[in-house]
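This report refers to the structure that appears directly beneath it.
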2 protein chains.
Amino acid sequence: MKRELLVENPRPDGYHLMMELYGCDPEKINSRKFLHQVVKNAVKQVGLTNLGSRFHQFDPQGVTGFTLLAQSHISLHTWPEYGYLVLDIFTCGDQHQADLLAEHFLKRLRPDRVNRQVMRKGYQYFRD
Amino acid sequence: MKRELLVENPRPDGYHLMMELYGCDPEKINSRKFLHQVVKNAVKQVGLTNLGSRFHQFDPQGVTGFTLLAQSHISLHTWPEYGYLVLDIFTCGDQHQADLLAEHFLKRLRPDRVNRQVMRKGYQYFRD
């Protein structure tokens, strides 16, 4: 836990971007190392604050992982046997950063098809 | 990463339970220790497999945390100044376990009001 990264907790205007990626390269999405690196690079490029990760490799296949951000979280779960990856990006604050992060993912993973949905959370506090 | 907990990756029939808890006790939801304990106990009671967590305390207030499960994940983000907590429980497999886990949370946190939504993921694989 990187205590030096403490930030003031922002307002609860959550932007939860949920993506399902179909037709991914099974080899890529079965690599814990590759996926962790994609997340780390994306977080850095977009300028979000990484508070630490857990990534796990399943036997015989599949990876599951998350990265905690000062601005909320990223999680992913993969099923290489289906070429299928579930990605969640939850940010409070700058929605643009979440979208950029998603773009970075798609560029690296090049799925055949993407299902994308957005949930807003805490939005009733916008005008407090 | 507890390697001894390796399990075979199940089918991608994801059940994503998203809850927003309003009117929580600010003291409780500002305690990293309390929230981490609630998650750990809930996971254990429900019989899910804990692969590790990250919980972070913000200054001046707020907690953000994540527990990775063999069956997917739990995340929470709190805004004690609003008595507000965002909880995500994502499981693949037994939907009943996710609901039980949510019940455990609500019993411990006793919010005034709850917003609850469910997203299904990967359901097109059900009949493969």
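The values are calculated or read from the model by the stated rules, or taken from the named source; none is laboratory data. Predicted model, so just to flag it, every value in this text is computed and none were measured. Every residue, glycine among them, receives a Cβ derived from its backbone with ideal geometry; neighbour counts consider all protein chains shown. Only protein heavy atoms, including side chains, enter the accessible area calculation; ligands, DNA and RNA are left aside. Shrake-Rupley method; radii C 1.70, N 1.55, O 1.52, S 1.80 Å.
Overview of results
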{"quantity": "Filtered residues of segment B:53-63 (kept if at the interface with chain A (Cβ under 7 Å from one of its Cβ atoms) and touching a Leu at 6+ places or on another chain (Cβ under 6 Å))", "calculated": "B:Arg54, B:His56, B:Asp59"}
{"quantity": "Enumeration of residues in segment A:24-52 that are open to solvent by less than 40 Å² (accessible area, probe 1.4 Å) and either in a helix (DSSP H, G or I) or modelled with pLDDT of 95 or more (or both)", "calculated": "A:Cys24, A:Ile29, A:Ser31, A:Leu35, A:Val38, A:Val39, A:Ala42, A:Val43, A:Val46"}
{"quantity": "Scan of segment B:53-93 for residues that are modelled with pLDDT under 95 and among the acidic types (Asp, Glu), ordered by number", "calculated": "B:Asp59, B:Glu81"}
{"quantity": "Hits in segment B:39-52 - residues which are within 8 Å of another protein chain (Cβ to nearest Cβ) and out of contact with any helix residue (DSSP H, G or I) (no Cβ under 8 Å at 6 or more places or on another chain)", "calculated": "B:Gly52"}
{"quantity": "The one condition in (1) modelled with pLDDT of 95 or more; (2) open to solvent by 70 Å² or more (accessible area, probe 1.4 Å) that A:Glu8 fails to fulfil", "calculated": "(1)"}
{"quantity": "Residues of segment A:54-70 classified as under 20 Å from A:Leu106 (Cβ atoms) and open to solvent by 10 Å² or more (accessible area, probe 1.4 Å), total", "calculated": "0"}
{"quantity": "Residues of segment B:10-67 satisfying the condition of being of a type in the set (D, E, K, R) and more than 25 Å from A:Leu87 (Cβ to Cβ)", "calculated": "B:Asp25, B:Glu27, B:Lys28, B:Arg32, B:Lys33, B:Lys40, B:Lys44, B:Asp59"}
{"quantity": "Qualifying residue in segment A:94-116 (condition: surrounded by fewer than 20 Cβ atoms within 10 Å (Cβ to Cβ), within 12 Å of chain B (Cβ to nearest Cβ) and touching a Gly at 6+ places or on another chain (Cβ under 7 Å))", "calculated": "yes"}
{"quantity": "Members of segment A:17-38 found to be in contact (Cβ under 8 Å) with a residue 60 or more places away in the chain, more than 11 Å from chain B (Cβ to nearest Cβ) and either β-branched (Val, Ile, Thr) or within 13 Å of A:Ile74 (Cα to Cα) (or both), listed by number", "calculated": "A:Leu17, A:Ile29, A:Val38"}
